[in-house]
1. Grab the strands (runs of 3 or more DSSP E) fully contained in the range 176-248, keeping just those with 1 or more residues being surrounded by fewer than 23 Cβ atoms within 10 Å (Cβ to Cβ) and among the charged types (D, E, K, R).
2. Filter the range 29-48 for residues that are part of a helix (DSSP H, G or I) and touching a helix residue (DSSP H, G or I) at 6+ places or on another chain (Cβ under 6 Å) and give the result.
3. Take Ile362 and tell me if it is among the β-branched types (Val, Ile, Thr), farther than 20 Å from Gly217 by Cβ and surrounded by fewer than 15 Cβ atoms within 10 Å (Cβ to Cβ).
4. Every residue in the range 268-323 that is among the charged types (D, E, K, R), within 16 Å of the ligand (Cβ to nearest atom) and at pLDDT 95 or above, please.
5. Only one of Asp235, Asp245, Asp227, Asp216 is away from the ligand (no atom under 11 Å from the Cβ) and under 14 Å from the mean Cα position of the chain (by Cα); which?
6. Can you find a residue in the range 290-303 that is buried (at least 18 other Cβ atoms within 10 Å of the Cβ) and in contact with a Leu (Cβ under 8 Å, 6 or more places away or on another chain)?
7. Hey, any hits in the range 122-134 for a residue that's in a helix (DSSP H, G or I) and away from the ligand (no atom under 16 Å from the Cβ)?
8. Any chance the range 100-123 includes a residue that's more than 19 Å from Gln294 (Cα to Cα) and open to solvent by 30 Å² or more (accessible area, probe 1.4 Å)?
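The values are calculated or read from the model by the stated rules, or taken from the named source; none is laboratory data. Because the structure is predicted, anything quoted here is derived from the model rather than measured. Cβ coordinates were reconstructed from backbone atoms using ideal geometry, including for glycine residues, and neighbour counts include every protein chain displayed. We work out accessible area using only protein heavy atoms, side chains counted, and drop any ligands, DNA or RNA first. Shrake-Rupley method; radii C 1.70, N 1.55, O 1.52, S 1.80 Å.
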Amino acid sequence: MHKKVDLSELSPADTMLTPAYGGRAVNEPVPKYEMPAGELPPETVYNLIHDELMLDGNSRLNLATFVTTWMEPQAAKLMAETFDKNMIDKDEYPQTAEIELRCVNILSRLWNAPKQATATGCSTIGSSEAAMLGGMALKWKWRDRRKAQGKPHDKPNMVMGINVQVCWEKFCRYWEIEPRFVPMEGDRYCLNAEEALKLVDENTIGVVVIMGSTFDGRYENVKEVNDALEKLNADTGWEVPIHVDGASGGMVAPFLQPDLEWDFRLPLVKSINTSGHKFGLVYPGVGWIIWRDQAELPDDLVFHCNYLGGDLPNFALNFSRPGNQVVAQYYNFLRLGQEGYRQIHEASREVAMFLSGEIAKIGPFELISDGSDIPVFAFAVKPRNNFSVFDISDKMRERGWLLPAYTFPKNRDDLAVLRAVCKEGFTRDMANMLLIDLRRAVEHFQSQPEHTAKVSGSNFHH
Ligand SMILES: *Cc1c(COP(=O)(O)O)cnc(C)c1O
């Protein structure tokens with residue numbers, strides 16, 4: 001969100017851009033917060049914006065983001081060639097639509113959709129939109145069941161771990177659903193079946209289980225929740241389903257943990273979302289949602305509009321959206337195949353586990369996770385040090401590393417961690433450089449006994 005800047009509070013110089021490349025073309029400074037009255041030459045504008053963007057951190061040193069920071073030049077070329085494709089214009093761009101259909105097929109098979117069912121799904125702008133769509137389908141299905149039984153349907157709730165990504169809190173608030181959070185307890189940082197089931201009742205539209213927790217990268221146990229819910233449903237006559245938030249893990253588990261049952265192999269898993277722009281290895285923003293069967297997606301959520309020509313069913317929050325990210329997703333699927341994804345993610349996992357292992361050896365750090373599920377791990381500073389994770393994060397930033405520090409939610413908000421997301425492009429060499437800087441940061445604080453640990457300071461949004 002951005003607010004209108006009060007220009008009267010700024011010095012005149014702060015309201016202007018002063019192009020260094022302007023030369024004769026630009027004699028006048030350019031206003032920042034108002035649209036300039038006249039035109040500027042394209043090369044000047046390019047240089048101006050290009051230079052300003054250098055102030056963004058270096059994305060390759062960014063261990064905070066889950067999102068892809070590098071793609072092959074051929075993929076970038078394809079994306080540039082398809083900047084003009086609007087994903088919604090399926091009638092005009094039937095081949096882009098066909099490519100989306102192929103991706104949906106590829107994912108539904110990767111996630112073991114049952115052979116006898118008709119899996120169905122679509123691309124989205126990211127996992128957040130996919131979560132909205134998945135959550136709505138759960139709400140509609142629950143409401144239809146309640147109506148059919150002549151029971152009240154005005155108090156829906158959804159059960160999830162307190163470690164959910166913010167998109168699920170948004171979903172609940174925007175669609176007026178009571179969120180029921182399984183709290184963290186001791187060293188359990190995610191939901192388990194026993195605690196989740198305590199919160200489930202006849203008004204539960206579904207349980208969200210996360211494959212790759214934002215807080216520490218660990219998988220929640222989908223199978224355990226599935227088995228416990230199956231029993232509960234059998235005992236009560238309820239039909240509480242599961243949605244798997246596979247924002248990260250949906251694109252990792254099929255390659256690194258193929259025997260782990262977390263997907264449509266489990267009968268109560270009705271829908272799964274993933275972020276194509278995370279471990280799907282595509283630039284932002286593309287996400288996916290797949291339902292195990294078309295029966296899980298109520299008809300009245302799907303719109304049919306004919307003003308682009310043809311009758312094309314559509315379930316989305318946006319109308320227009322770039323088609324080139326879907327094209328890039330397909331590029332990766334074809335280019336890498338299952339073995340390519342496996343090798344890339346395996347390499348990232350090796351780097352993550354090497355890094356977490358070395359960090360544990362430094363002394364003052366304690367691992368919260370080790371990066372063996374998705375290549376993401378979190379670590380804390382042990383008590384009785386004169387520095388905190390926030391100090392370390394700041395110190396690492398001096399060297400260009402973006403290593404976010406944040407506190408855990410309720411019940412464990414005493415715990416603050418640093419998190420490293422090891423993506424393709426973060427090599428073992430870079431991990432070694434990071435370790436040198438991390439050891440140096442520790443020595444820096446240890447050599448200053450008068451320093452006291454900073455207690456907060458995070459502006460990281462999970
Ligand atoms: C990143 C993430 C999201 C949100 O995904 P976007 O693609 O950024 O919208 C949701 N859930 C989890 C577990 C995530 O890691």
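1. Details: elements: 178-182, 204-210, 242-245.
Qualifying strands (runs of 3 or more DSSP E): 178-182.
2. Going through the range 29-48, the residues part of a helix (DSSP H, G or I) turn out to be 42-48.
Correct list: Thr44 only.
3. On the way: among the β-branched types (Val, Ile, Thr): yes; farther than 20 Å from Gly217 by Cβ: no; surrounded by fewer than 15 Cβ atoms within 10 Å (Cβ to Cβ): yes.
So Ile362 fails the test.
4. Of the residues in the range 268-323, the ones among the charged types (D, E, K, R) are 270, 278, 292-293, 296, 299-300, 311, 321.
Going one step further and asking which of them are within 16 Å of the ligand (Cβ to nearest atom), we end up with 278, 321.
Hit for the range 268-323 is Lys278, nothing else.
5. On the way: Asp235 fails: under 14 Å from the mean Cα position of the chain (by Cα); Asp245 fails: away from the ligand (no atom under 11 Å from the Cβ); Asp227 fails: under 14 Å from the mean Cα position of the chain (by Cα).
Checking each option against the conditions leaves just Asp216.
6. Step one: filter the range 290-303 for residues buried (at least 18 other Cβ atoms within 10 Å of the Cβ), giving 290-292, 296-297.
Applying the additional criterion that residues be in contact with a Leu (Cβ under 8 Å, 6 or more places away or on another chain) yields 290-291.
Yes - at least one qualifying residue is present in the range 290-303.
7. Kept after step one, since they are in a helix (DSSP H, G or I), are these residues of the range 122-134: 127-134.
In the following step, the residues that additionally are away from the ligand (no atom under 16 Å from the Cβ) were identified as none.
Checked the range 122-134: no residue is in a helix (DSSP H, G or I) and away from the ligand (no atom under 16 Å from the Cβ).
8. Here is the first cut: in the range 100-123, the residues more than 19 Å from Gln294 (Cα to Cα) are none.
No, the range 100-123 contains no residue that is more than 19 Å from Gln294 (Cα to Cα) and open to solvent by 30 Å² or more (accessible area, probe 1.4 Å).
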